[in-house]
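A short worksheet on the structure shown next.
Bear in mind that the values in this text are calculations on the coordinates, not laboratory data. Everything numeric in this text was worked out from a predicted model, so none of it was measured. All Cβ positions, even for glycine, are placed from backbone atoms using ideal geometry, and neighbour counts span all protein chains on display.
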Amino acid sequence: MTAGEIVARTVGAEEISESAIRRYVEAHEMEWPLYSDAEAARAHGHDTVIAPWSMLLTAAMPAYWAPGQEPLRPGALPPFMWTKLDLPGSEMVTTSVDLEFLEPLRVGDRIETTYRIVRTTPKTTRVGEGVYVDFELEFHRQDGTLVAVERTSIYSYTPFRSEP
Amino acid sequence: MNPPAVGDAVTPLTLHLSLQRLIMVSGANRDFAPTHIDHEAAREGGAPAAYADIMFVFTMVDRLLLEWAGPAALLRRIGPVKLHDFVLAGEDLTVTGTVTALTPAAADGRPGTDIDVEVAFTQDTRHPVTGHARVWTPRP
């Protein structure tokens with residue numbers, strides 16, 4: 001685990017589709033017209049509706065399961081990379097998240113994510129002994145354009161044992 | 001939208017966060033972690049009830065800023081967002097924002113303004129989420 005090193009790379013399970021956008025808008029009752037009204041989106045320079053900016057992580061999420069893989073275990077978590085990075089400690093909490101959007105998400109975009117460790121800071125806290133890890137994630141669409149950057153800090157730690 | 005000033009309140013969002021809503025959200029955002037859709041799983045992890053995920057939090061900030069700023073706006077940033085406590089199913093949720101800074105900025109070659117907003121999520125007397133966000137609007 002070295003600062004600056006790319007530690008993981010993932011690709012979203014599917015291209016962004018109008019149906020996925022519609023379901024997202026429905027579930028969150030989003031009224032902003034460019035997410036649901038193609039005319040309004042065209043009036044603001046887009047080919048058709050755009051995806052909600054906040055749909056980025058959904059678009060970037062790999063599949064939970066694909067043919068040929070082991071059956072999904074009950075209680076499976078979203079297939080983001082945080083739990084697969086071999087960080088020190090048994091527990092992990094996210095302490096801060098920051099998303100910067102550079103380009104709108106369009107129908108047909110497929111999002112690739114690279115995970116880079118920016119900084120690690122060992123620290124003992126009241127919950128345990130561990131390390132703060134600052135990540136920077138870059139999200140690119142398939143033509144190579146950088147569409148968003150995420151800066152996330154997590155604390156990965158081993159909890160103190162309670163006294164017997 | 002009239003040109004905003006520092007200190008202005010953004011039009012707040014209010015909704016009742018039902019478990020049904022969280023299940024709809026999970027189908028749409030593909031976060032099927034049991035703690036977001038199953039009270040029992042959430043309680044096993046120490047929460048009082050099923051609770052919203054971070055993507056739902058981002059999406060409420062998206063709604064808050066863009067529904068206020070109008071169709072010509074661009075969402076530039078959500079964050080840093082701090083999670084202090086659970087955004088719980090079964091409770092009403094209010095999301096509020098206050099303008100903290102206005103900065104001239106161009107986007108796509110057009111002059112405009114970056115509007116920084118301080119955001120807070122409130123459920124009863126709790127503030128489970130606080131943070132910042134930025135939306136750009138073209139010069140009128």
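Key figures for this structure:
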| quantity | calculated |
| --- | --- |
| Per-residue ³J(HN,Hα) for the stretch B:71-82, Karplus 6.51 cos²θ - 1.76 cosθ + 1.60, θ = phi - 60°, Hz, x for Gly and Pro | x, 7, 6, 10, 7, 9, 7, 10, x, x, 10, 10 |
| Cα-based shape type of the stretch A:5-85, given that a ≥ b ≥ c are square roots of the gyration tensor eigenvalues and the cut on a/c is 1.5 | prolate |
| Evaluated over the stretch A:1-141, the Cα radius of gyration and Dmax, each in Å | 18.0, 55 |
| Cα shape, the stretch B:66-128, gyration tensor, a/c 1.5 rule | prolate |
| Angle between chain B longest axis and helix B:54-69 axis [Cα atoms, degrees, rounded to 10] | 30 |
| Ranking of B:His132, B:His16, A:His46, A:His28 by count of other Cβ atoms within 10 Å, fewest first | B:His16, A:His46, B:His132, A:His28 |
| Per principal axis, descending, Cα span of the protein assembly as shown in whole Å | 66, 47, 39 |
| Loop trypsin sites (Lys or Arg not before Pro), the stretch A:1-68 (other Cβ atoms within 10 Å of the site Cβ: 15 or fewer; DSSP) | none |
| Whether the stretch B:9-138 is rounded, prolate or oblate, judged on the alpha carbon gyration tensor where a/c under 1.5 counts as rounded | prolate |
| ³J(HN,Hα), Karplus 6.51/-1.76/1.60, whole Hz, each residue of the stretch A:24-38, x for Gly, Pro | 5, 4, 4, 5, 9, 6, 8, 8, 4, x, 5, 7, 9, 10, 4 |
| Centre separation in Å (Cα based) which lies between the stretch A:99-129 and the stretch B:1-53 | 21 |
| Karplus-derived HN-Hα couplings along the stretch B:85-91 (A = 6.51, B = -1.76, C = 1.60, θ = phi - 60°), whole Hz, x at Gly and Pro | 7, 7, 8, 8, 5, x, 10 |
| Residue (of B:Ala42, A:Ser156, A:Val131) at the positive-pole extreme of the protein assembly as shown, dipole from beta-carbon charges | A:Val131 |
| Cβ neighbours within 10 Å from other chains - mean over A:98-108 | 3 |
| Normalised contact order of chain A, rounded percent, pairs of Cα under 8 Å and 6 or more residues apart | 27 |
